[in-house]
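Below you'll find the structure, written out as structure tokens, and then a few comments.
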Amino acid sequence: MWQRLKYDQPSITKGRTDVVTVTPWLAPVIWESTFEPVLLDAIFKPKNLTIAASVFAVGKYVQFLKDFLETSEKFFFIGFNVHIFVFTDRPQDVPKVQLAAGRKISVRKVPSSKRWQEISARRMEMVHALLRDLRGSTHYVFCLDVDSKFHGRWGSESLSETVAVVHPGYYGDGRSRFPYERRPQSRAYMAPSDGDFYYCGGAFGGSLDQVLELTQVCSKNYRDDEKDGVEAAWQEESHLNRYFWENKPSKVLSPEYLWQDFKPRNPEIHIIRFSGVNKNYAAIRPNA
Ligand code: UD2
């Protein structure tokens, strides 16, 4: 295989100098130009992997599905077996999208909700139940926000045991400014002197077994908090951040992997791969 493969000679002394490409616990941080897509695909494709993605479209958020699904066909793990699971209370409104060979969409019905906080917070629990069914048939899983579109490659460079995405809104800030849960009575609590990065609730993933574990711990902590009458500041995103503080991700994806359309592109962002669309919260959320 290697004789036929053509890619630029790697250098061990030259590379990107404007960003950090490894964490203090030696997990790679994935930025454009730090990896060779042709080489990575040549390593991962022969493994015949199946990648699952979960996406929730509850209530008016079904309107985002068309763009999400159509753009995933152009950019998300092209050439791999991909199975997208759409969780929705409106299965009849899931758009029909033309799929390439090896790609599937399945729809799972979930209850509607009167509170967006609850929709956001219950995702981990439902994903956990799904993953138990997928044991033995799926290798990696990504949990993604639906109000987003793919604009560039998101592929095998992102595969690892536990994968976190650095939130585009806070990556220049000091840790004391991160919007972690700050009340010690919550299981998502983070002290002002703690924390590595602020990670997105809108995109994370890893191997099936690791995401099973992560979703179990985070949803249990959310429910236990609930019994104590506490809801973390950013629901499951807060619990996810606490989880990744205690269990360092084995790969960190730069904010290229979840940008936000309203943000001007910063110079270190050479490509936007996935980005949240601009939206009018008052018009689409079930509550204020
Ligand atoms: C931020 C986070 C998001 C989540 C949220 C807190 C990023 C960049 N953004 O995004 O991950 O932590 O704050 O809620 O990480 N949804 C529905 N129906 C609804 C409301 C939400 O299906 O009525 C689902 C949908 O999949 C959506 C996700 O929940 O993508 C998060 O929705 P959001 O609009 O609350 O998220 P947003 O963009 O403010």
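Summary of values
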read-out	value
Positive-end residue of 174, 128, 76, charge dipole of the chain with Cβ unit charges	76
Fraction of beta bridges assigned by DSSP in the chain that are antiparallel (%, nearest 5)	30 percent
Distance (nanometres) between label positions extended 7 Å along Cα→Cβ at residue 248 and residue 271	2.7 nm
Net +/- balance of residues flanking residue 174 in space, Cβ distance below 13 Å, scoring K and R +1, D and E -1	-1
Selection of trypsin sites (Lys or Arg not before Pro), region 1-45, meeting DSSP coil and at most 12 other Cβ within 10 Å	4, 6, 14
Dimensions (Å) - the chain, Cα atoms, principal axes, largest first	60, 47, 38
Cβ charges +1 (Lys, Arg) and -1 (Asp, Glu), total dipole of the chain, debye	620 debye
More than 18 Å apart - percent of Cα-Cα pairs taken over region 1-153	66 percent
Residue exposure sequence - 259, 2 - by fewest surrounding Cβ within 10 Å	2, 259
Ranking of 83, 270 by count of other Cβ atoms within 10 Å, fewest first	270, 83
Pair residue 220, residue 47: separation of 7 Å Cα→Cβ label points (nm)	2.7 nm
Where Rh is the Kirkwood radius over Cα pairs, Rg/Rh for region 92-219	0.98
Binned Cα-Cα distance frequencies in region 179-255 - 10 Å width, integer %	19, 55, 24, 2
R0 of 25 Å, Cβ-Cβ distance residue 1-residue 96: FRET efficiency to nearest 0.05	0.10
Within the chain, helix-based [θ] at 222 nm, where runs of 4 or more DSSP H residues each add -39,500 (n - 2.57), nearest 500	-8000 deg cm²/dmol
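Only the coordinates and a few stated rules stand behind these numbers; no lab work does. Small disclaimer: the values here were computed from a predicted structure and weren't measured. Every residue, glycine as well, gets a Cβ built from its backbone with ideal geometry; the counts of neighbours run over all protein chains shown.
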